[in-house]
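Enquirer: This is the structure I want to talk about, given as structure tokens.
The values are calculated or read from the model by the stated rules, or taken from the named source; none is laboratory data. Quantities reported herein were computed from a predicted structural model and do not represent experimental measurements. A quick note on method: Cβ atoms are made from the backbone with ideal geometry, for glycine too, and the neighbour counts reach across all protein chains shown.
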Amino acid sequence: MRFSKAKVRCSNALEAMSGIDGHQASYLYEDVNKARSYLIVSEWNDASAFQAFIGSEEFARVTNWGQEQVLAGPPRHQIYGA
């Protein structure tokens, strides 16, 4: 199986998230109808844990790297209830 560089980089980001407080799990999905279109779904203990993550220096660093390396634009977030 051959993985694109973007897919490998997204997978690496998911691995890095595994040690973050409040993070339960993350999943990478690829749009089969649109090349290079991905979705990351993350589960968090609560909204405050997620908000703390997206406000962190680590998130800013990963986002900046992502925009330089793989992202077509800034990440968008949608919070869904349990």
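Per-residue answers, yes or no, for (1) aromatic (Phe, Trp, Tyr); (2) under 16 Å from residue 12 (Cα atoms); (3) modelled with pLDDT of 80 or more:
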position	(1), (2), (3)
30	no, yes, yes
33	no, no, yes
40	no, yes, yes
44	yes, no, yes
52	no, no, yes
55	no, no, yes
62	no, yes, no
67	no, yes, no
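Enquirer: Which residues, taken from the range 17-32, are surrounded by 11 or more Cβ atoms within 10 Å (Cβ to Cβ) and closer than 16 Å to residue 55 by Cα?
Expert: Once the filter is applied, which keeps residues that are surrounded by 11 or more Cβ atoms within 10 Å (Cβ to Cβ) and closer than 16 Å to residue 55 by Cα, the range 17-32 yields 17, 20, 22, 23.
Enquirer: Kindly provide the set of residues from the range 37-57 that are surrounded by fewer than 12 Cβ atoms within 10 Å (Cβ to Cβ) and charged (D, E, K, R), ordered by number.
Expert: 46, 57
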